[in-house]
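> Before anything else, here's the structure in question.
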Amino acid sequence: MSGILIEQLGTVMILKVSGELTFDKAVEALKGFYPHTICHVLWDLRGCSKIEISINQYKELLANASDLMKDRTSGKTAYVSPEDSIYETVMQIKALKESSEMPYEYNIFKEYEDALNWLSE
């Protein structure tokens, strides 16, 4: 079964993705947890089989995230995926985010522990 499980670990909000990540699932997750995010976000894509989101949809997701997190003025967002195809897709997302005006740091990791360590720095 595919979906997104949301957990909190201290100041880190963790989104564990299983199966295919679609635009609709990502929007639902954003609306469900982004208004409650106070510091860091970790997208755990280790269980993700495929990302089905177009470039235009990524841009829309960025706009939604920016609107939903108006009160978040700092923090980091990390993505984890050991799978090369998912990792490369997330690199494209990171490039889009870097061209946006969102005031957060972004990074991509292949190892979960490396992402948690970076978020705690």
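The numbers here are math on the coordinates, done by the rules we state, and not lab data. For clarity, every value in this text was computed on a predicted model and none was experimentally measured. Positions of Cβ are backbone-derived with ideal geometry, glycine not excepted, and every protein chain shown enters the neighbour counts.
> Could you please report the charge total around P82, scoring K, R as +1 and D, E as -1 over all other residues with beta-carbon less than 10 angstrom from its beta-carbon?
The answer is -1.
> Hey, another quick one. Using Cβ contacts closer than 10 Å as the measure, can you line up W118, W43 from fewest to most?
The order, fewest Cβ neighbours first, is W118, W43.
> If you don't mind, another one. What order do you get for E105, E113, E88 when you list them from fewest to most C-beta neighbours inside 10 Å?
So the residues, fewest neighbours to most, are E113, E88, E105.
> Using each residue's phi in segment 40-52, evaluate 6.51 cos²θ - 1.76 cosθ + 1.60 at θ = phi - 60° and report the 3J(HN,Hα) Karplus result to the nearest Hz, with x for Gly and Pro.
For segment 40-52, the Karplus-derived couplings read 10, 10, 10, 8, 8, 9, 5, x, 7, 8, 6, 10, 10 Hz, x marking Gly and Pro.
> Extending each Cα 7 Å along its Cβ direction at E105 and L9, get the distance between those two points in nm, one decimal.
Placing both labels 7 Å along Cα→Cβ, they lie 1.8 nm apart.
> Ranked by Cβ crowding within 10 angstrom, fewest neighbours first, how are V12, V17 ordered?
Result, fewest neighbours first: V12, V17.
> Suppose each label sits 7 Å from its Cα in the direction of the beta carbon; what would the E121-S54 distance come out to in nanometres?
Using points 7 Å along Cα→Cβ, the separation is 3.7 nm.
> Taking amide H positions as placed 1.01 Å from N in the peptide plane, with prolines and chain starts having none, which residues 5 or more places from I51, or on another chain, fall under 5 Å of its amide H?
The list, which skips near neighbours in sequence, is L21.
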